[in-house]
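All remarks here apply to the structure that follows.
The values are calculated or read from the model by the stated rules, or taken from the named source; none is laboratory data. Since the structure is predicted, the reported quantities are computational estimates derived from the model, not experimental observations. Cβ coordinates were reconstructed from backbone atoms using ideal geometry, including for glycine residues, and neighbour counts include every protein chain displayed.
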There are 2 protein chains.
Amino acid sequence: MLKVGIIGVGTVGTSVVNILKDNADIISARAGIDIVVKSGVVKNLSKERGLDITLTDNVDDILNDDEIDVVVELMGGVEDAFEIVKKALRSGKAVVTANKALLAYHRYELEEIAQDIAFEYEASVAGGIPIINALRDGLSANHIQSIMGIMNGTCNYMMTKMANDGVAYDAILKEAQELGYAEADPTFDVGGFDAAHKLLILASIAYGIDAKPEDILIEGIDKVTQDDISFAKEFGYAIKLLGIAKKDADEVELRVHACLIKKDQMIAKIDGVMNGISVVGDKVGETLYYGPGAGGDATASAVVANIIDIARSGKSRPMLGFDKPMEGELKLKPIDEISSKYYLRINVSDRTGVLAKISKIFEDNNISIETMLQRPASQESANLLISTHTALEKDIQNMIKKIAALDFVNSTPVMIRIV
Amino acid sequence: MLKVGIIGVGTVGTSVVNILKDNADIISARAGIDIVVKSGVVKNLSKERGLDITLTDNVDDILNDDEIDVVVELMGGVEDAFEIVKKALRSGKAVVTANKALLAYHRYELEEIAQDIAFEYEASVAGGIPIINALRDGLSANHIQSIMGIMNGTCNYMMTKMANDGVAYDAILKEAQELGYAEADPTFDVGGFDAAHKLLILASIAYGIDAKPEDILIEGIDKVTQDDISFAKEFGYAIKLLGIAKKDADEVELRVHACLIKKDQMIAKIDGVMNGISVVGDKVGETLYYGPGAGGDATASAVVANIIDIARSGKSRPMLGFDKPMEGELKLKPIDEISSKYYLRINVSDRTGVLAKISKIFEDNNISIETMLQRPASQESANLLISTHTALEKDIQNMIKKIAALDFVNSTPVMIRIV
């Protein structure tokens with residue numbers, strides 16, 4: 001019998017307990033051994049949870065329990081969780097975690113400690129979608145050329161609703177908060193930070209690259225308006241928040257931002273709160289993985305799959321992985337060097353000659369315009385909606401600064417990259 | 001070093017050799033050991049293939065070679081392949097196969113022989129998509145409620161082109177043949193048999209059910225016309241050939257046929273030659289796996305992933321699977337007992353009273369009409385395009401017989417199930 005201790009028995013932890021009970025028949029058969037949750041750590045012992053496991057508010061009750069084979073860390077946060085997971089691994093307990101922030105900051109140190117013991121985290125990226133399993137096992141014959149994903153359901157819900165219902169950003173955010181999809185402080189989701197944590201985990205698996213959130217380009221969806229949506233529709237795009245990892249020779253670019261993406265691409269067809277991750281391998285071509293990126297049962301499904309793996313391998317590292325950098329000495333590409341097509345929304349005073357002046361600035365900066373739409377924004381102002389051919393990030397950023405400084409430009413232009 | 005022998009060095013076999021060479025760096029790292037192809041069996045030894053492996057036209061040169069650890073069977077066909085794979089397994093060689101027909105007929109016998117040796121077949125279903133890996137590992141915490149997939153790229157290409165370009169079935173089939181997507185005799189693809197083989201493999205993994213192609217409902221796309229496409233568009237459906245496995249209490253229904261499927265479902269959004277498989281687990285909900293279902297490199301990507309697994313596990317059965325029936329005593333649901341919504345196209349002589357008579361027959365058979373369209377088909381005839389509420393297969397089949405016998409009905413009605 002494999003005994004599990006859960007640190008943090010909230011929504012996901014409760015689902016883990018229930019799945020191991022509800023599906024004990026198939027799980028025992030697939031694991032080759034019975035798996036039971038022995039105990040769980042909670043903050044508030046007096047709260048009634050209806051679970052028949054031992055509850056404690058002391059982490060050491062699990063860390064020091066020799067009967068516990070696998071620690072499931074679902075407490076969240078970074079540094080406290082880091083200390084606890086280190087202790088668990090050092091005491092010979094296998095660890096399963098769904099904690100993406102912990103992994104975004106400390107995955108390499110933990111992998112180092114977990115040389116001879118299983119350390120698994122399928123649930124940390126895209127909830128119930130077995131994307132880590134696909135990268136490590138299903139696509140193991142491939143060099144990974146790119147990973148591009150909808151990794152945050154809240155943002156995707158909001159972008160979908162803005163496109164389908166024509167409602168403004170603020171109204172949709174309020175609705176998402178009421179539905180429980182977005183937090184009271186939504187910055188972590190709509191600012192792209194949640195997606196960035198997940199992207200860093202996937203990039204570390206595919207490329208062995210050890211970047212931290214501070215090192216990469218992270219932007220959110222908070223500047224997207226109905227003007228942008230309508231430009232997107234006019235020219236056959238959807239707008240999505242994507243996490244992107246792309247290999248280019250010995251460099252990897254990592255970035256999270258809103259994207260205009262052609263509607264016929266599969267990733268553009270993923271709507272609502274769902275997640276989807278497209279992976280291009282040099283041999284297989286494009287594959288895509290779609291499913292629920294959050295929710296207690298979906299996330300717990302991935303946690304339990306990891307526990308089953310660990311049971312199968314007798315707590316040693318399941319032979320599933322490429323745990324060390326496999327792609328040689330890859331470096332993070334500097335943000336400035338990223339090249340992309342770009343979309344710009346520029347709010348200008350509606351005067352004669354403005355269009356000519358803006359066009360001239362594009363020309364002077366060697367940036368080639370692909371399409372242009374002009375729309376009235378108010379009595380006295382208009383929005384110029386412009387897409388470019390491929391350009392360098394630093395050239396676009398320079399040009400945006402120059403445009404923002406013009407007297408007939410009313411605010412800093414909004415830029416969305418085109419994928 | 002792990003040594004591989006390939007039986008059948010055609011398109012996929014050549015790709016296997018090339019991937020193991022091109023990506024030897026990451027493959028060795030991920031497998032923990034070098035993997036090389038030692039020899040291959042071909043029919044025609046005089047053909048130049050540009051491969052630096054030993055070629056032979058005698059299967060025994062591989063089966064009797066003690067240095068060969070893994071046999072990759074890519075010869076196709078059923079009975080000869082069965083004998084060869086049996087011999088290989090019995091002589092202690094691990095086997096990887098992409099042969100779906102072999103597996104549709106003999107998987108259980110081969111699994112029985114392969115008790116202590118690896119026998120893997122990721123490439124047999126949906127080419128480069130790691131769907132078997134997802135079922136066995138990523139979704140291992142779940143009872144699988146349903147599997148529904150686009151498992152044949154030829155049919156999906158044809159259905160997509162019919163919908164997008166408005167061209168007739170015969171013209172698209174000709175084009176698919178010219179492009180090499182369809183064989184000179186296209187029956188195996190357009191008749192649904194190829195998809196059925198793949199469905200049976202997935203159903204055996206998810207449900208442990210040992211059905212043969214003869215036991216299940218298999219229909220193709222050959223009766224789909226532009227009338228059906230236009231009905232589908234009018235009412236928000238796409239038409240796809242799907243393989244469907246669905247659990248209902250202690251029964252499993254298995255069927256392959258053209259389906260009307262709501263356009264907002266992810267599986268309806270998969271266009272062109274691509275494959276996609278939706279899996280619903282009782283805990284995770286719906287996940288979907290998309291990618292190339294055919295092609296040398298894509299298929300070989302899955303073959304090599306299996307070889308890497310075998311290298312990791314030291315040729316013993318990789319601990320990935322649920323190899324035995326896990327879902328208790330599931331039975332195949334009789335075709336007659338399937339319930340579905342249905343679409344019917346009935347070609348009638350354009351006379352007064354016809355509509356009333358047809359409606360009456362529906363009523364008499366207790367089948368409730370949901371929508372109806374009437375379109376002129378010629379000077380003297382019209383097509384009635386009718387969708388029903390949920391009904392039993394046997395009731396629909398009975399009613400179709402009665403309708404076909406009516407003097408004002410010009411041919412047997414065409415029926416497409418609605419998913």
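Below are the figures for this structure:
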{"item": "Top-ranked residue in segment B:212-237 [being in contact with a strand residue (DSSP E or B) (Cβ under 7 Å, 6 or more places away or on another chain), touching a residue at least 40 places away in the same chain (Cβ under 8 Å) and farther than 23 Å from B:Q397 by Cα; ranked as surrounded by the most Cβ atoms within 10 Å (Cβ to Cβ)]", "result": "B:F235"}
{"item": "Given (1) more than 14 Å from the chain's Cα centre (by Cα); (2) surrounded by 24 or more Cβ atoms within 10 Å (Cβ to Cβ); (3) hydrophobic (A, V, I, L, M, F, W, C), number of the condition B:L173 does not satisfy", "result": "(2)"}
{"item": "Scope segment A:262-281; condition of a type in the set (A, V, I, L, M, F, W, C), surrounded by 22 or more Cβ atoms within 10 Å (Cβ to Cβ) and assigned to a strand (DSSP E or B); matching residues", "result": "A:M274, A:I277, A:V279"}
{"item": "Any hit, segment A:127-140, residues being away from chain B (no Cβ under 14 Å), within 24 Å of A:C259 (Cβ to Cβ), among the aliphatic types (A, V, I, L, M) and crowded, with 19+ Cβ neighbours inside 10 Å", "result": "no"}
{"item": "In segment A:1-13, the residues that are within 14 Å of chain B (Cβ to nearest Cβ) and more than 26 Å from the chain's Cα centre (by Cα)", "result": "A:L2, A:V4"}
{"item": "Selection within segment B:282-319 - part of a loop (DSSP other than H, G, I, E, B), within 8 Å of chain A (Cβ to nearest Cβ) and hydroxyl-bearing (S, T, Y)", "result": "B:S313"}
{"item": "Filter result for A:S146 (under 30 Å from B:N18 (Cα atoms) and either surrounded by 22 or more Cβ atoms within 10 Å (Cβ to Cβ) or in contact with a Lys or Arg (Cβ under 7 Å, 6 or more places away or on another chain) (or both))", "result": "yes"}
{"item": "Residue within segment B:56-67 that is in contact with a His (Cβ under 6 Å, 6 or more places away or on another chain), under 27 Å from B:D194 (Cα atoms) and surrounded by 13 or more Cβ atoms within 10 Å (Cβ to Cβ) present", "result": "no"}
{"item": "Filter result (among the hydrophobic types (A, V, I, L, M, F, W, C) and more than 18 Å from A:V96 (Cα to Cα)) within segment A:1-44", "result": "A:A24, A:I26, A:A29"}
{"item": "Search result, residues across segment A:14-54 that are within 14 Å of chain B (Cβ to nearest Cβ), under 19 Å from A:A94 (Cα atoms) and crowded, with 17+ Cβ neighbours inside 10 Å", "result": "A:V16, A:V17, A:L20, A:I27, A:S28, A:R30, A:A31, A:I35, A:V37"}
{"item": "Exclusive hit being within 30 Å of B:S378 (Cβ to Cβ), at pLDDT below 95 and not assigned by TED's automatic domain parsing to the domain that holds B:L173, set B:L344, B:L330, B:L355, B:L320", "result": "B:L355"}
{"item": "Matching helices (runs of 4 or more DSSP H) fully within segment A:1-86 where at least 1 residues are acidic (D, E), touching a Gly at 6+ places or on another chain (Cβ under 6 Å) and assigned by TED's automatic domain parsing to the domain that holds A:S301", "result": "none"}
{"item": "Pick from segment A:404-419, criterion touching a helix residue (DSSP H, G or I) at 6+ places or on another chain (Cβ under 8 Å) and within 30 Å of A:K263 (Cα to Cα), ranking: surrounded by the fewest Cβ atoms within 10 Å (Cβ to Cβ)", "result": "A:S411"}
{"item": "Number of positions in segment A:358-370 that are in a loop (DSSP other than H, G, I, E, B) and either assigned by TED's automatic domain parsing to the domain that holds A:A203 or among the hydrophobic types (A, V, I, L, M, F, W, C) (or both)", "result": "1"}
{"item": "Subset tally (residues that are touching a residue at least 60 places away in the same chain (Cβ under 8 Å) and either on the phi > 0 side of the Ramachandran plot or in contact with a Ser or Thr (Cβ under 9 Å, 6 or more places away or on another chain) (or both)) for segment B:17-54", "result": "6"}
{"item": "Complete set of residues in segment A:251-264 that are within 11 Å of chain B (Cβ to nearest Cβ) and either without any contact (Cβ under 8 Å) to a residue 12 or more places away in the chain or acidic (D, E) (or both)", "result": "A:D264"}
{"item": "Residue list for segment A:69-91, restricted to those being surrounded by fewer than 22 Cβ atoms within 10 Å (Cβ to Cβ) and either touching a Pro at 6+ places or on another chain (Cβ under 7 Å) or β-branched (V, I, T) (or both)", "result": "A:V78"}
{"item": "Residue within segment A:228-239 that is at the interface with chain B (Cβ under 9 Å from one of its Cβ atoms), over 17 Å from the mean Cα position of the chain (by Cα) and at negative phi present", "result": "no"}
{"item": "Only one of B:S387, B:S368 that is touching an Asp or Glu at 6+ places or on another chain (Cβ under 6 Å) and either at pLDDT 95 or above or not hydroxyl-bearing (S, T, Y) (or both)", "result": "B:S387"}
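Each row is one residue, and each column tells you yes or no for (1) modelled with pLDDT of 95 or more; (2) within 30 Å of A:G296 (Cβ to Cβ); (3) assigned by TED's automatic domain parsing to the domain that holds B:I386; (4) hydrophobic (A, V, I, L, M, F, W, C).
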site	(1), (2), (3), (4)
B:L179	no, no, no, yes
B:V190	yes, no, no, yes
B:K198	yes, no, no, no
B:Y207	no, yes, no, no
B:V224	yes, no, no, yes
B:E234	no, no, no, no
B:Y237	yes, no, no, no
B:S278	yes, yes, no, no
